[in-house]
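Each remark here refers to the structure printed beneath this line.
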Amino acid sequence: MPRAAWWWAAVGFGSVAWVFLTPYYSPPHVLGGVGCVVAAVLAASFGGRRAPVAPRPGLLLTFAVLGLVPAVVLLFPVGPQAVFLVLASGLVLSALRLRGSAALARGATFVGTMGLAQAGVLLIYDRFLADQHTAVVLSWFDQGLLGLLGHPVSAVGEQLIVGTHRGAVSVTPSWGQLALPYGLVIACGVLVTCALARGTKKMWGPGAAGLALLFVYLLARRFFLLLFALPADHGAVFWNQSITAITLLPFFFLGGLFVGLEPGHMSARIARLLRPTTSRGAKLMLAVAFVGTFAWGAFLHLAIPGPPNVGSVCFDEAHGEWSSTRPPLDKDWYGRSSVYNFASLYDWLSHYREVVRLDEPFTPYVLEGCGILVLGMPSELYSVEEIDAIKTYVASGGALLVVADHTNVFGTTTVLNEVLAPFGVSLNTDATYELTTQGLSSFTPPRLTAHPTVSGIGRFQFLTSCTINTPWWTWKPIMDAPLLAAPADYATDHYFPQPGTVASLSATFGVFCQMAAVPYGRGRVIVFSDSTVFSSFCLHMDAYPELMLGILAFLSHENPRFPYRVLAGAVAGSCTFLVLLWLISFGGAQHFLRILVVGCAGVAASVGVSWWANAVYYPMPEPEVLPRYVHFDTRYSSGVISSHPVLPTPEQGVRFETLFVWTQRAGAVPRQTEGPERAVPGTPYVIIDPIGEISDKDLATLSEHVESGGALVVLAAEEGEAAFYESLGYYFGLELERDDDGMLWTGEGVVHERPDPEVPLTLSVAQRGYGLAILVSNAHLFSNAHLGSTFTVPSPWQMRLYQLVYYLFEELTDAAAEARHPTRSEEDE
């Protein structure tokens, strides 16, 4: 097999590895990606097996790479981790010069160098191009070829309507169908290989031929996959990892046939990558590269705040009533409308800032004194004067929070897009789904590069999101993959696509922005695409409270007076231009590896500084007036409390969302709490159907919490394991018994209450110190199976259960709190 073929195989396997190591269209498949990387290293080793042994790499380069390994593993995704570890392995083998390892060291160095360059390309793609999907230029290509094949085709907006033997099929041509990110990766691999094979001065001929061949190949590949997908009207062939990898590999065979390399020079130029740098110009460019990548990191991740924004949080009540803050969440009104609103959000934020309602058209006078203007699902158009007033308000330092939703439900997308136009942002009329399952999508922030608005959340579950179009210079706190964006279907209720059509060829897929943060003048704009998560029936679940507090922290500052971010972007762009110009004109390929390593160091340093600075600048807000919390344990409870509508399996436990939300009707703020050490003193701490063995530390913490005036509420299942209850009871001097209602505690000072004689539920109440320990028998009566959903209009039997909930969390655990706490004069006596 010719040596050039081995090098092309190395480029192919190294490039295709990114299909498995990146999450654009499927979750990363580490085993497949690592297998491709290993195959690439072996192929490159065969390609350079006859070359003489290379000199040892410079010590500074070797130690720099090895020193960066912990930072890369901590900060970077799995793909860059893999190629950087391969590069480090190649340098170590080159330094040790073990017998028979020269070819392997050379192969690992080549694959690691090419992989780092490809990782840089993907970083640029992620930040600036990944959320651009519609490709109108491809529709011209489709119309011509499909017409030649006898398919009637017509264009309607961004879509093509294609006639097939099964009927008309709507197709949205997209860059995802072209496999654009992997095309960019392959293009980078081709250019790096041409530079090492021919040098930077002679690389442009074969490089241009390779890029032209790649463009034609990607077009042809997409068209044949489209022909295959048209009969079923399903786009899975475009995002399946195996199909993508298999259909990309033939390009490298064609590259070996039509793009000439000089494999005899490859090994020598790879060896030159490792030589120490001696020229002053090279050292200066390394410094410029570090400054440039550091500046890029600051531009992307650092959000320096300006003066504080201390005005009121103002909710718009003048442009529709779909998500009003007015309907009270009380004990008298039930049903969907009672909880599908922003009433709880309004009440909860009142503990952090002054909140007001705006009931009149917006003017500069009306917006005076407003710190954060909230536009939540407006359904009535804003006038031109109102839009100008909002624009002026933000430019002069105000904050704007826009909360949208899927498709164009109730016309809100149309209304909000007019408001958002001056800020360069627009909402799409689509609905999002997880790509591979077509279920609800979720988002987990990156470890250290998260925007301040999302740095305090864990896994975030979307419910009814749309996607957002943004300018390239905005922050995109939630931009995730792999997602599927299905266009609105106006023939269905609420415009969601019909079941079974979510993954049709009219949908786009890949990376999408679902929350944008836009600096504008002295003010800031947040656009969030899922209003449901802030509705009263799920506001306090999952990570939704932390998201709102992160938004509040970010919008509580104006932009800085000095344009730090503009300066960082200018420095980054200038340094990048200088380094590229020097590499092409003067530096040669021999300095390429050092530039990449220094770039990694700059990015790592910038990420670390940005993470630290953002944490200092944007601490999680603390309430000015402490709410009356009810803590729901997540460490030991088996009861499920989640906004995710999919029913759990029996192993996941029973759902208790209605109980959770009904504490809001009792005037409390429920919190999902990981462990009793996080509970606010003097508040109820609820454990639902506990499992596992409680630790001595948590027992001591619960005891201290109760004795200092809090309440422990344990909801026991009839079939629950007794060990947990016995451990708790023993710590509080109680014994466990069972009767017809379920588990009971007995012992000194225990009072057994049956608040409703018609309901088989008994409360074992024991005062310990200044607080209460309460065991609730037959706790499944408080599950959704008995209480109904949060949208339920209750039956008389359910109203009896509701009254028990209110008694437990309003009268028993809260109204007696003051009586359990002695006054200072009583303590003195």
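The values are calculated or read from the model by the stated rules, or taken from the named source; none is laboratory data. These numbers were taken from a predicted model, which means no experiment stands behind them. Methodologically, a virtual Cβ is constructed for each residue, glycine included, from the backbone with ideal geometry; neighbour enumeration extends over all protein chains shown. Accessible surface is based on the protein model in full, side chains and every heavy atom, while ligands, DNA and RNA are left aside. Shrake-Rupley method; radii C 1.70, N 1.55, O 1.52, S 1.80 Å.
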**OP:** Filter segment 745-793 for residues that are among the aliphatic types (A, V, I, L, M), in contact with a helix residue (DSSP H, G or I) (Cβ under 7 Å, 6 or more places away or on another chain) and either open to solvent by 30 Å² or more (accessible area, probe 1.4 Å) or assigned to a helix (DSSP H, G or I) (or both) and give the result.
**Re:** 781, 787
Original post:
Could we say that residue 98 is part of a helix (DSSP H, G or I), open to solvent by 20 Å² or more (accessible area, probe 1.4 Å) and either more than 28 Å from residue 282 (Cα to Cα) or touching a Cys at 6+ places or on another chain (Cβ under 7 Å) (or both) here?
Top reply: no
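To keep it simple, each residue is scored yes or no on (1) modelled with pLDDT under 95; (2) open to solvent by 60 Å² or more (accessible area, probe 1.4 Å); (3) not in a helix (DSSP H, G or I).
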site	(1), (2), (3)
272	yes, yes, no
275	yes, yes, yes
283	yes, yes, no
292	no, no, no
323	yes, no, yes
Original post:
If residue 742 passes every condition in (1) within 21 Å of residue 638 (Cβ to Cβ); (2) open to solvent by 30 Å² or more (accessible area, probe 1.4 Å) but one, which one does it miss?
Top reply: (2)
Subject >> Among (1) buried (at least 18 other Cβ atoms within 10 Å of the Cβ); (2) closer than 19 Å to residue 247 by Cα - the single one residue 35 does not satisfy >> reply: (1)
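Rundown of residues vs (1) under 16 Å from residue 313 (Cα atoms); (2) open to solvent by less than 40 Å² (accessible area, probe 1.4 Å); (3) without any contact (Cβ under 8 Å) to a residue 12 or more places away in the chain; (4) assigned to a strand (DSSP E or B), yes/no style:
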position	(1), (2), (3), (4)
375	yes, yes, no, yes
392	no, no, no, no
415	no, yes, no, no
418	no, no, no, no
451	no, yes, no, no
454	no, yes, no, no
**OP:** Would you point out which residue out of 139, 170, 154 is closer than 19 Å to residue 487 by Cβ and in a helix (DSSP H, G or I)?
**Re:** 139
**OP:** Can you tell me which residue within segment 2-26, out of those that are touching a Pro at 6+ places or on another chain (Cβ under 7 Å) and surrounded by fewer than 22 Cβ atoms within 10 Å (Cβ to Cβ), is modelled with the lowest pLDDT?
**Re:** 3
Subject >> Among (1) at pLDDT below 95; (2) surrounded by 23 or more Cβ atoms within 10 Å (Cβ to Cβ); (3) among the aliphatic types (A, V, I, L, M) - the single one residue 583 does not satisfy >> reply: (2)
Subject >> Set 86, 72: member being within 22 Å of residue 292 (Cα to Cα) and not acidic (Asp, Glu) >> reply: 72
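So that you can scan it fast, the table gives a plain yes or no per residue for (1) more than 30 Å from residue 560 (Cα to Cα); (2) in contact with a Ser or Thr (Cβ under 9 Å, 6 or more places away or on another chain); (3) surrounded by fewer than 23 Cβ atoms within 10 Å (Cβ to Cβ):
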{"site": "261", "(1), (2), (3)": "yes, yes, no"}
{"site": "268", "(1), (2), (3)": "yes, no, yes"}
{"site": "302", "(1), (2), (3)": "no, yes, yes"}
{"site": "307", "(1), (2), (3)": "no, no, yes"}
{"site": "310", "(1), (2), (3)": "no, yes, yes"}
Subject >> Yes/no for residue 572 being open to solvent by less than 10 Å² (accessible area, probe 1.4 Å), closer than 29 Å to residue 115 by Cβ and touching a Gly at 6+ places or on another chain (Cβ under 6 Å) >> reply: yes
Subject >> Of the criteria (1) open to solvent by 30 Å² or more (accessible area, probe 1.4 Å); (2) within 21 Å of residue 785 (Cα to Cα); (3) of a type outside the set (Val, Ile, Thr), which one residue 628 fails >> reply: (2)
**OP:** Within segment 421-432, identify whether any single residue is surrounded by fewer than 22 Cβ atoms within 10 Å (Cβ to Cβ), within 24 Å of residue 539 (Cβ to Cβ) and touching a residue at least 12 places away in the same chain (Cβ under 8 Å), and answer yes or no.
**Re:** no
**OP:** Please enumerate the residues belonging to segment 586-612 that are open to solvent by 30 Å² or more (accessible area, probe 1.4 Å) and closer than 21 Å to residue 472 by Cβ.
**Re:** 603
Subject >> Considering residues of segment 480-537 that are assigned to a strand (DSSP E or B) and free of Cβ contacts under 8 Å to residues at least 60 places away in the same chain only, the residue nearest to the chain's Cα centre (by Cα) >> reply: 480
Original post:
In segment 151-165, which residues are under 19 Å from residue 225 (Cβ atoms) and open to solvent by 60 Å² or more (accessible area, probe 1.4 Å)?
Top reply: 165
Original post:
Can you name the number of the only condition in (1) assigned to a helix (DSSP H, G or I); (2) touching a Ser or Thr at 6+ places or on another chain (Cβ under 7 Å) that residue 315 fails?
Top reply: (1)
**OP:** Only one of these is touching an Asp or Glu at 6+ places or on another chain (Cβ under 8 Å), closer than 30 Å to residue 552 by Cβ and not hydroxyl-bearing (Ser, Thr, Tyr): 443, 534, 528. Name it.
**Re:** 443
Subject >> In segment 794-817, the residues that are within 22 Å of residue 536 (Cβ to Cβ), of a type outside the set (A, V, I, L, M, F, W, C) and in a helix (DSSP H, G or I) >> reply: 798, 802, 803, 806, 807, 810, 813, 814
Original post:
Pick from segment 433-444 the residues that are assigned to a loop (DSSP other than H, G, I, E, B) and open to solvent by less than 20 Å² (accessible area, probe 1.4 Å): which of them is farthest from residue 474 (Cα to Cα)?
Top reply: 435
Original post:
In segment 394-413, which residues are part of a helix (DSSP H, G or I) and either open to solvent by 30 Å² or more (accessible area, probe 1.4 Å) or on the phi > 0 side of the Ramachandran plot (or both)?
Top reply: 395, 410, 411
Original post:
Out of 59, 85, 68, which single residue is within 26 Å of residue 6 (Cβ to Cβ) and either surrounded by fewer than 19 Cβ atoms within 10 Å (Cβ to Cβ) or within 39 Å of the chain's Cα centre (by Cα) (or both)?
Top reply: 85
**OP:** State whether the residues of segment 348-355 include one that is within 21 Å of residue 410 (Cα to Cα) and in a loop (DSSP other than H, G, I, E, B).
**Re:** no
Original post:
Which of the residues belonging to segment 690-719 are surrounded by fewer than 19 Cβ atoms within 10 Å (Cβ to Cβ) and free of Cβ contacts under 8 Å to residues at least 40 places away in the same chain?
Top reply: 693, 695, 696, 697, 699, 700, 701, 704, 719
